[in-house]
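**Q** One structure follows; several queries about it will come next.
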Amino acid sequence: MEKFESNKFQSRLSREFRKIEEFLHEFEGVFDAELRKIIFKNYSEINSNDKLSEAVLTYANEIISVAESVCDKDLNYPENRLKEELDDMSRAVENYPPEDLNPEFLQQTHKKAKELMVNYYPYIFDLSPNGFRLLEKYCQMYNRKFVGFFQQTIKK
């Protein structure tokens, strides 16, 4: 039996955390740059500020986190539990405050977020049909949240 060596374990753990941090940092940077292109194309009067940076960073983290979460659920939940969550999320998205969201901006940011998510988290291609639909519902909800916040807070 191999002896547990704390220093080696700590070193491996640190390397893995650094890899995750580098992955997230890269994703956030690309996500930020791509979303800003869409924002400034649609709202040329907007100036870059801390609120905008925070909103885009929050959106990026929600998107990558939900991708990992749904992939995990898809692997570990029984099909009926996945379907229940899909039904719940479908209702939540339908009832999400509609506000006056710019449909073109909503569609452009949603499309770009999904494109980047797939580029950085290719495990999505292995999702079951219900897992994929669940991911889509979560992405729609986070997109509406981002666009709603953007239009209420940053655009004003």
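**Q** For the chain, what is the calculated [θ] at 222 nm in deg cm²/dmol (nearest 500), taking -39500 (n - 2.57) for each run of four or more DSSP H residues and dividing by its residue count?
**A** -27000 deg cm²/dmol, from helical runs alone.
**Q** Shifting gears a bit: Looking at 92, 42, 10, which one has the Cα that reaches farthest to the positive end of the dipole of the chain (charges on Cβ: Lys, Arg +1; Asp, Glu -1)?
**A** Among 92, 42, 10, the one farthest towards the positive end of the dipole of the chain is 42.
**Q** Now for a separate question. Could you report region 73-156's accessible area per residue, 1.4 Å probe, as an integer in Å²?
**A** Normalised by residue count, the accessible surface of region 73-156 is 59 Å².
**Q** Ignoring everything but the protein chains, give the 1.4 Å probe accessible area of residue 120 in square angstrom, nearest 10.
**A** About 40 Å², ignoring ligands and nucleic acids.
**Q** If you line up the Cα atoms of the chain on their principal axes, what length do they span on each, largest first, in Å?
**A** 64, 40, 22
**Q** Show me, for region 33-40, the HN-Hα J-couplings you get by feeding each phi into the Karplus relation (A = 6.51, B = -1.76, C = 1.60, θ = phi - 60°), rounded to Hz, glycine and proline as x.
**A** 4, 5, 5, 4, 4, 5, 4, 6
**Q** For the pair residue 41/residue 90, report the inter-label distance in nm, with labels modelled 7 Å from Cα in the Cβ direction.
**A** The answer from the label model is 3.2 nm.
**Q** Listed here are the pairs 73/111; 73/114; 73/137; 41/112; which of them are more than 21 Å apart at the Cα?
**A** Beyond 21 Å: 73/111.
**Q** I need the shape label for region 70-156. Rule: rounded when a/c is under 1.5, else prolate if a/b > b/c, else oblate, with a, b, c from the alpha carbon gyration tensor.
**A** oblate
**Q** Can you give me the % of accessible surface on the chain that is carbon or sulfur? Probe 1.4 Å, all protein chains present, nothing else counted.
**A** Solvent-exposed carbon and sulfur of the chain make up 52 percent of the total.
**Q** What does the highest-first list of 77-84, 35-42 look like by mean Cβ count within 10 Å?
**A** Highest mean packing first, the order is 35-42, 77-84.
The values are calculated or read from the model by the stated rules, or taken from the named source; none is laboratory data. Note that the structure is a prediction, hence the values are computed from the model and not measured. With ideal geometry, Cβ positions are generated from the backbone for all residues, glycine too; neighbour counts draw on all protein chains shown. Just the protein is used for accessible areas: all its heavy atoms, side chains included, with ligands, DNA and RNA removed. Shrake-Rupley method; radii C 1.70, N 1.55, O 1.52, S 1.80 Å.
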